[in-house]
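Data block below; observations after.
The values are calculated or read from the model by the stated rules, or taken from the named source; none is laboratory data. Bear in mind that the values here come from a model prediction, so they are computed numbers and not experimental data. Neighbour counts run over all protein chains shown; Cβ positions are idealised from the backbone, glycine included.
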Amino acid sequence: MAKNIFVFCEQRDGEIQSVALELLGVAKQLATVSGEQVCALLLGSNVADKASQLVAYGADVVYVVDDVNLAQFVTEPYTQAITQIAREYQPNAMLFGATSIGRDLAPRLSARLKTGLTADCTQLEIDQDGNLFMTRPAFGGNLFATIVCPEHKPQMSTVRPGVMKMMEPDYNRQGEVVSKTIAWDKSKFVVEVVEEVKEVQTVEKIEEAKLLVSCGRGVKDLTEAQNLATKLGGTVSASRCLVDAGMVDHNRQVGQTGKTVRPQVYFAFGISGAIQHLAGMEESEYIVAVNTDKSAPIFKVANLGIVADAQAVIKQLNKLI
Amino acid sequence: MKIIVCIKQVPNTTEIKIDPVTNTLKRDGVPSIINPDDKAALEVALQLKENCGAHVDVVTMGPQQAEVALREALAMGADNAYLLTDRAFAGSDTLATSTIIASAIKKLGADVVLCGRQAIDGDTAQVGPQIAEHLDIPQVTYASQVDYVDGALVVKRQFEDRYQTLRVATPCLVTVLSSAYKPRYMNVADIVAQDQKQVEAITFNDVVVNPEDIGLKGSPTKVKSTATKQFDKQIATYELGAEEAAKLIVDTLKQKHLI
Ligand SMILES: Cc1cc2nc3c(=O)[nH]c(=O)nc-3n(C[C@H](O)[C@H](O)[C@H](O)COP(=O)(O)OP(=O)(O)OC[C@H]3O[C@@H](n4cnc5c(N)ncnc54)[C@H](O)[C@@H]3O)c2cc1C
Ligand SMILES: Cc1cc2nc3c(=O)[nH]c(=O)nc-3n(C[C@H](O)[C@H](O)[C@H](O)COP(=O)(O)OP(=O)(O)OC[C@H]3O[C@@H](n4cnc5c(N)ncnc54)[C@H](O)[C@@H]3O)c2cc1C
């Protein structure tokens with residue numbers, strides 16, 4: 001019978017990705033309810049020494065495949081390795097980070113294992129019989145759907161990074177580490193990696209950013225704002241005031257004569273909320289405004305409004321995050 | 001070289017609003033469009049057609065009105081269009097959808113299958129890789145550049161923190177990012193020409209597929225319930241010191257899964 005919750009523990013250049021630790025955390029919670037074990041899948045080349053970290057973060061068993069064919073992420077070898085392990089151990093559930101790796105690998109696997117896959121989940125629950133309830137946004141975040149996969153195993157899902165909580169690591173936790181060898185079908189290895197280049201993303205388009213730290217005349221120094229944006233995976237934008245003052249480039253101006261943006265989160269720091277500014281940002285999903293003037297029009301469109309000094313709040317946010 | 005582009009007709013979700021009273025999606029009057037990633041995939045195909053003489057077909061699965069999307073693709077320069085439509089296909093999840101589309105591709109034959117990375121309504125990004133598995137061909141996802149060089153595709157594959165340049169022989173499947181390719185407009189000659197063209201229907205009887213594997217019955221995942229985003233009409237303004245303010249902001253955004 002299908003049993004246990006398996007977690008694909010994504011690593012890049014031998015570094016375990018934080019989404020993997022988050023998944024171990026949620027898997028542990030689920031496994032406690034369903035009376036199952038958390039099994040980590042650690043795939044890569046020269047990665048076996050990372051198994052203890054996975055145990056510390058909640059894995060009861062770690063299956064390690066340490067093989068040169070897994071040195072770089074390529075769909076087919078990763079799919080073959082997990083398919084072999086899944087066929088041998090019959091997991092009840094299998095979780096992946098909803099990253100550009102997880103969202104490539106998991107659907108391929110689901111089709112090979114002939115089972116269902118739920119995409120980009122933001123909430124996971126389980127009952128005592130091990131049935132998963134997977135909740136996910138669709139229609140551009142306007143709708144949340146709870147998906148089940150009652151008759152096929154493993155129940156698979158990709159999970160949005162940054163949503164689940166990782167456990168406090170406990171390096172005294174005991175876990176079993178099992179090393180696996182894979183019977184490769186190399187005739188299927190037909191994708192050749194010509195090069196792999198790391199990129200640090202710097203300048204990006206504000207229209208495409210998921211999060212904007214937008215500043216107006218009430219912000220005097222942009223370095224802290226820049227820091228905050230980087231920490232939150234977003235970028236800085238501004239009102240026309242700062243653009244006219246030469247503090248910010250025109251391609252970062254929000255508003256009628258600038259760009260129209262619709263990020264998931266829009267911070268308006270020290271921006272009054274003139275109609276020409278609002279025209280460019282009021283469709284944002286969630287607006288946080290910080291302004292010293294209680295009657296500033298920006299508060300009319302903000303989901304969360306704070307009457308406070310913007311510079312000081314930015315500083316505190318940087319301390320907290 | 002024969003290319004099949006899979007396009008999906010979707011509601012323009014950036015125009016979908018939530019009715020604050022009923023708390024349901026307001027879909028009336030929301031225009032249908034070709035999914036943006038799929039339009040970029042079509043642009044890739046049309047550039048390959050210009051550069052190395054490829055033949056470009058478009059396929060969509062959907063209701064009769066999805067023909068509009070196919071006609072737009074023809075007017076952009078696609079050669080033939082196929083509409084997969086049958087009541088037996090309704091209610092399919094991504095696995096069942098990919099099974100049906102793969103069966104049509106098998107029937108039509110293709111050296112290269114292009115998909116969008118993700119559809120903006122279902123938002124799963126699963127159909128492309130699943131089609132590739134059913135066809136037993138390699139996949140490359142998240143493509144920001146696709147070229148045909150010495151009998152193989154050379155694809156720039158994006159990750160969050162890096163890119164790979166991959167070389168993959170045909171047959172293969174590639175999923176394309178909309179940010180990378182700006183789709184061309186329909187052109188007058190092709191708008192006129194598409195009027196003469198047939199959109200060919202493909203139904204259940206035209207493909208080899210096990211009825212157990214498609215439709216609602218053949219879908220391993222089921223939508224158990226749906227809810228709309230809580231309508232945040234309540235605007236809250238707080239007068240706080242910087243420290244409490246920062247904490248409130250972080251807690252609220254975390255609770256809403258926004259950071
Ligand atoms: C035709 C036309 C087109 C325009 N197009 C645009 C456009 O595209 N984009 C745009 O942004 N503007 C545009 N404008 C300008 C617009 O009308 C406003 O003048 C501009 O948006 C104001 O920028 P601001 O909010 O940064 O500055 P202000 O309006 O001066 O507001 C500064 C705000 O910061 C607050 N503040 C001050 N100190 C602090 C502090 N320490 N902490 C917190 N808050 C503080 C103040 O209370 C005030 O609300 C346009 C104007 C015209 C006429
Ligand atoms: C609220 C909601 C949530 C859902 N969640 C899930 C889920 O978690 N798991 C699941 O398996 N199913 C799910 N479904 C079902 C799924 O949305 C449908 O199967 C849908 O037809 C395909 O998925 P997608 O829109 O996500 O496409 P994607 O997988 O995002 O599409 C990727 C690409 O595949 C091609 N493609 C996709 N559909 C078609 C088509 N009809 N015709 C031609 N080409 C196409 C296009 O090139 C497209 O760009 C959900 C449905 C709803 C309504």
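Number of residues in segment A:140-162 that are away from ligand 2 (no atom under 12 Å from the Cβ) and on the phi > 0 side of the Ramachandran plot: the value is 1. On inspection, A:THR260 passes the criterion of being touching a residue at least 40 places away in the same chain (Cβ under 8 Å), on the phi < 0 side of the Ramachandran plot, more than 9 Å from every other protein chain (Cβ to nearest Cβ) and surrounded by fewer than 18 Cβ atoms within 10 Å (Cβ to Cβ).
Residue check: is A:PRO169 more than 18 Å from A:GLU36 (Cβ to Cβ), surrounded by fewer than 23 Cβ atoms within 10 Å (Cβ to Cβ) and more than 13 Å from every other protein chain (Cβ to nearest Cβ)? Even if it seems obvious, please write down each step before you answer.
Details: more than 18 Å from A:GLU36 (Cβ to Cβ): yes; surrounded by fewer than 23 Cβ atoms within 10 Å (Cβ to Cβ): yes; more than 13 Å from every other protein chain (Cβ to nearest Cβ): yes.
Against the criterion (more than 18 Å from A:GLU36 (Cβ to Cβ), surrounded by fewer than 23 Cβ atoms within 10 Å (Cβ to Cβ) and more than 13 Å from every other protein chain (Cβ to nearest Cβ)), A:PRO169 qualifies.
Checking the stated criteria, B:ALA73 turns out not to satisfy the condition of being under 18 Å from B:VAL188 (Cα atoms), more than 14 Å from chain A (Cβ to nearest Cβ), buried (at least 22 other Cβ atoms within 10 Å of the Cβ) and more than 12 Å from ligand 2 (Cβ to nearest atom). Checking each residue of segment B:184-197 against the condition of being under 23 Å from the mean Cα position of the chain (by Cα), of a type in the set (Lys, Arg) and assigned to a loop (DSSP other than H, G, I, E, B) gives at least one match. Taking the criterion of being part of a strand (DSSP E or B) and in contact with a strand residue (DSSP E or B) (Cβ under 9 Å, 6 or more places away or on another chain), the residues of segment A:1-40 that qualify are A:ILE5, A:PHE6, A:VAL7, A:PHE8, A:GLN11, A:ARG12, A:ILE16, A:VAL38, A:CYS39, A:ALA40.
Just one of the numbered conditions (1) within 14 Å of chain B (Cβ to nearest Cβ); (2) surrounded by 21 or more Cβ atoms within 10 Å (Cβ to Cβ) is not true of A:GLN72: (2). Tell me whether segment A:160-171 contains one or more residues that are under 30 Å from B:THR24 (Cβ atoms) and either free of Cβ contacts under 8 Å to residues at least 24 places away in the same chain or among the acidic types (Asp, Glu) (or both). Checked segment A:160-171: no residue is under 30 Å from B:THR24 (Cβ atoms) and either free of Cβ contacts under 8 Å to residues at least 24 places away in the same chain or among the acidic types (Asp, Glu) (or both).
Of all residues in segment B:152-197, which are away from every other protein chain (no Cβ under 14 Å) and touching a residue at least 40 places away in the same chain (Cβ under 8 Å)? Walk me through it before giving the result.
Taking segment B:152-197 and keeping what is away from every other protein chain (no Cβ under 14 Å), we get B:181, B:183-197.
Once the filter is applied, which keeps residues that are away from every other protein chain (no Cβ under 14 Å) and touching a residue at least 40 places away in the same chain (Cβ under 8 Å), segment B:152-197 yields B:TYR181, B:PRO183, B:ARG184, B:TYR185, B:MET186, B:ASN187, B:ASP190, B:ILE191, B:ALA193, B:GLN194, B:LYS197.
Here the condition is being among the small types (Gly, Ala, Ser) and either away from ligand 1 (no atom under 16 Å from the Cβ) or farther than 22 Å from A:ILE298 by Cβ (or both); of A:SER187, A:SER214, it holds for A:SER187 alone. Looking only at residues in segment A:99-146 that are more than 7 Å from every other protein chain (Cβ to nearest Cβ) and of a type in the set (S, T, N, Q), which one is farthest from B:THR97 (Cα to Cα)? Restricting to residues being more than 7 Å from every other protein chain (Cβ to nearest Cβ) and of a type in the set (S, T, N, Q), the top hit is A:GLN128. Exactly one of these conditions fails for B:ASN51: (1) surrounded by fewer than 23 Cβ atoms within 10 Å (Cβ to Cβ); (2) modelled with pLDDT of 95 or more. Give me its number. For B:ASN51, the exception is condition (2).
What strands (runs of 3 or more DSSP E) completely inside segment A:237-321 contain at least 3 residues that are more than 7 Å from ligand 1 (Cβ to nearest atom), in contact with a Lys or Arg (Cβ under 7 Å, 6 or more places away or on another chain) and closer than 12 Å to A:LEU212 by Cβ? Quick ask: steps written out before the conclusion?
Values: elements: A:265-269, A:286-291, A:304-307.
Strands (runs of 3 or more DSSP E) meeting the threshold: none at all.
Looking only at residues in segment B:83-141 that are away from ligand 2 (no atom under 11 Å from the Cβ) and in a loop (DSSP other than H, G, I, E, B), which one is farthest from the other protein chains (Cβ to nearest Cβ)? Per the stated criteria, the residue is B:ASP86.
Residues that are without any contact (Cβ under 8 Å) to a residue 40 or more places away in the chain and more than 9 Å from chain B (Cβ to nearest Cβ) occur at least once in segment A:265-274.
Going by what's in this entry, would A:SER214 be described as under 25 Å from B:ALA242 (Cα atoms), in contact with a Cys (Cβ under 9 Å, 6 or more places away or on another chain) and part of a strand (DSSP E or B)? It is false that A:SER214 is under 25 Å from B:ALA242 (Cα atoms), in contact with a Cys (Cβ under 9 Å, 6 or more places away or on another chain) and part of a strand (DSSP E or B).
Within segment A:231-257, how many residues turn out to be crowded, with 20+ Cβ neighbours inside 10 Å, farther than 12 Å from A:ILE206 by Cα and among the β-branched types (Val, Ile, Thr)? The number of residues fulfilling the criteria is 2.
Among the residues of segment A:143-166, what is the count of those that are of a type in the set (D, E, K, R) and surrounded by fewer than 16 Cβ atoms within 10 Å (Cβ to Cβ)? Don't jump to the end; show me each part of the working.
Residues of segment A:143-166 of a type in the set (D, E, K, R): A:151, A:153, A:160, A:165.
Filter once more, keeping what is surrounded by fewer than 16 Cβ atoms within 10 Å (Cβ to Cβ): A:151, A:165.
So the count comes out to 2.
With the condition kept exactly as written, say whether any residue in segment A:143-155 is in contact with a helix residue (DSSP H, G or I) (Cβ under 7 Å, 6 or more places away or on another chain) and either under 23 Å from A:PHE8 (Cα atoms) or at pLDDT below 90 (or both). The answer is yes; a qualifying residue exists. Can you spot a residue in segment A:156-163 that is part of a strand (DSSP E or B), within 19 Å of the chain's Cα centre (by Cα) and within 8 Å of chain B (Cβ to nearest Cβ)? Checking segment A:156-163: not a single residue is part of a strand (DSSP E or B), within 19 Å of the chain's Cα centre (by Cα) and within 8 Å of chain B (Cβ to nearest Cβ). Here A:LYS231, A:LYS188, A:LYS198 are screened, and the one residue that is closer than 30 Å to A:PHE73 by Cβ and touching a Pro at 6+ places or on another chain (Cβ under 8 Å) is A:LYS188. Applying the set (1) touching a residue at least 24 places away in the same chain (Cβ under 8 Å); (2) over 15 Å from the mean Cα position of the chain (by Cα) to B:VAL149 leaves exactly one unmet item: (1).
One line per residue, one yes/no per condition, for (1) touching a Phe, Trp or Tyr at 6+ places or on another chain (Cβ under 9 Å); (2) surrounded by 13 or more Cβ atoms within 10 Å (Cβ to Cβ); (3) at pLDDT 95 or above:
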| site | (1), (2), (3) |
| --- | --- |
| B:ARG167 | no, yes, yes |
| B:PRO171 | no, yes, yes |
| B:ALA180 | no, yes, no |
| B:VAL188 | no, no, no |
| B:VAL192 | no, no, no |
| B:GLN196 | no, no, no |
| B:THR203 | yes, yes, yes |
| B:GLY215 | yes, yes, yes |
